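Read the structure below first, then the notes.
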Amino acid sequence: MDNTETTKYSVIGLMSGTSLDGLDVAYCQFSFANGSWSYQIMCATTYEYSPQWRQRLSTLENATAFEYALCNVQLGHYFGQCVREFMADNSLACSDVDFVASHGHTVFHRPELALTTQIADPNAIAAEISLPVVADFRTLDLALGGQGAPLVPIGDRLLFSQYDSCLNLGGIANISFTQNNRRVAFDISPYNMILNHLAQRIGMPFDKGGEVAKNGTVNHELLNKLNALAYYDEPFPKSLGKEWFVANFLPLFQQSEKNIGTLLATASEHIATQIANVLNANHLHNVLITGGGAFNSFLTDSLRAKTKCRISIPNALTINYKEAMVFAFLGVLRVRGQANCLSSVTGASSDNCGGVITGTAVSN
């Protein structure tokens, strides 16, 4: 690739995460000039899942094969309808968008079996919006022996190089940073998966600002059990999925006391401890925090107290839509035929260019 080349792309990125908040849709523009990339999130929206969609997706791993396949198609049409509404609301014509890049919604993630699945059929999305769709970003990496996760670090390296580490606080807390001139990344611990689950037990969608946790008392017996989980001692590359959360993490809370303030305080202390352990052990100093958890001031204050890091929290648009933006960027790299998944991060046998490109309907 000629480093003097100047290229621009306009892409809509779609992200549906493990916290089941909804579908993030971000219209982004990318420019490559003088050997480096720049980005801008032009506009973005989250389409919250209805209670019916949330219930359906939260239990889909236990559904029949037919129900799973049907949900894949129907969720694809729903994603496409959201994109169509988003384009109308923001006065975007098809000529304003080069393509859509969709992460899909993860149902199964079992890298030890070389298995990962993200539903929301890209053909159904394309049929709804008459634009090309890039999707299925993870499965090639699994086939090459990798974890298929996390994928965002290539975006961290190329778009956020001014920070020595990028911490994403979504359903799962994950981090990427450069070590010995190689980008490394891994999932640290559950984050909103557990915090939202506990808050919803008392009728709250989430614990705003960590206020309930802040006023709770830490259960040290439970905390010690959480910190003793084997995952935390495993070397990276490593990643977490819902299966691990349900089998290993959630039962410890179900076996403990029922006071939600105590459980939220304990979960928050555990999460902050695990994140701080990673930051301190790797001598990281300048940390960018994004994802919905960046708004949890109780937890970010706890991180400041446990580390000597300079914690940078960007504007709300970047906090909320960085992942959707990076998946749009992964789509750009896929269209260009460039690596969009790093073997140093996932443990695959080689860097790879993952993603399947689906075309559009052609009128007669």
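The values are calculated or read from the model by the stated rules, or taken from the named source; none is laboratory data. None of these values were measured; they are calculated from a predicted model. Quick reminder, even Gly has a Cβ in these numbers, built from the backbone with ideal geometry, and neighbours come from all protein chains shown. Just the protein is used for accessible areas: all its heavy atoms, side chains included, with ligands, DNA and RNA removed. Shrake-Rupley method; radii C 1.70, N 1.55, O 1.52, S 1.80 Å.
Can you flag which of 238/308; 225/308; 214/242; 214/322; 238/258 are past 29 Å Cα-Cα? List each step's numbers first, then the result.
Numbers: 238/308 25 Å; 225/308 26 Å; 214/242 26 Å; 214/322 27 Å; 238/258 31 Å.
Result: 238/258 exceed 29 Å.
Please tell me the relative contact order of the chain in percent, rounded to the nearest whole number, where contacts are Cα pairs under 8 Å and at least six residues apart. Don't jump to the answer; show the numbers that get you there.
On the way: 747 pairs, mean separation 77.9, N = 364.
Reported as a whole number, the value is 21 percent.
Relative contact order for segment 128-260 using alpha-carbon pairs under 8 Å, separation at least 6, rounded to a whole percent? Spell out each step's value before the answer.
Numbers: 120 pairs, mean separation 25.6, N = 133.
Answer for segment 128-260 is 19 percent.
Once fully extended, how much extra length lies between residue 283 and residue 304, figured as 0.36 nm per residue of separation less the alpha-carbon to alpha-carbon distance? Spell out each step's value before the answer.
Working: separation 21, 0.36 × 21 = 7.56 nm, distance 1.41 nm.
Extra length from residue 283 to residue 304 when fully extended: 6.1 nm.
Would you report the distance distribution of C-alpha pairs in segment 298-364 as whole percents per 5 angstrom bin, up to the bin with the largest distance?
Pairs per bin, as whole percents: 4, 13, 12, 14, 13, 15, 12, 8, 4, 2, 1, 1, 0.
Given a 1.4 angstrom probe, I'd like the percentage of the accessible area of segment 133-200 that is carbon and sulfur, rounded to a whole number. Numbers along the way, then the final one.
Values: 840 of 1950 Å².
Percent of accessible area from carbon and sulfur atoms in segment 133-200: 43.
Could you give the nm distance between label points at residue 202 and residue 350, where each point is 7 Å from its Cα heading toward the beta carbon?
5.4
Give, as a single signed number, the net charge of other residues whose beta carbon lies under 15 Å from the beta carbon of residue 74, with Lys and Arg counted +1 and Asp and Glu -1.
On the way: positive: 54, 56; negative: 67, 121, 128.
Here the count lands on -1.
How large is the convex hull of the Cα atoms of segment 163-278 per residue, expressed in Å³ as a whole number?
104
Can you give the Rg and Dmax of segment 220-364 based on its C-alpha atoms, in angstrom?
Expressed in Å, the Cα Rg and Dmax of segment 220-364 come to 19.4, 68.
Place a +1 charge on the Cβ of each Lys and Arg in segment 184-309 and a -1 charge on the Cβ of each Asp and Glu, then give the dipole magnitude about the Cα centre in debye, rounded to the nearest 20. Don't skip to the answer; put the middle values down first.
Numbers: 10 positive and 10 negative charges, 41 e Å.
So the magnitude is around 200 debye.
Under a plain spin-label model, where a point goes 7 Å from the Cα along Cα-to-Cβ, how far apart in nm are residue 77 and residue 61?
Inter-label distance under the simple model: 2.8 nm.
Accessible area of segment 52-128 with a 1.4 Å probe: how many percent of it is carbon plus sulfur?
Numbers: 1890 of 3650 Å².
Roughly 52 percent, rounded to a whole number.
For the chain, find the longest principal axis of its Cα atoms and tell me its angle to the long axis of helix 297-306, 0 to 90°, nearest 10.
70
Consider a paramagnetic label point 7 Å from the Cα of residue 31 along Cα→Cβ; state which residues of segment 299-338 have an amide N under 12 Å from it.
From segment 299-338, the list is empty.
Per residue, what accessible area does the chain have, given a 1.4 Å probe and all protein chains present, in Å²? Please report the intermediate quantities before stating the final value.
Numbers: 15390 Å² over 364 residues.
Here the per-residue accessible area is 42 Å².
Give me the percent of the accessible area of segment 256-364 that comes from carbon and sulfur atoms, probe 1.4 Å, all protein chains in place. Spell out each step's value before the answer.
Working: 2060 of 4180 Å².
Carbon and sulfur atoms account for 49 percent of the accessible area of segment 256-364.
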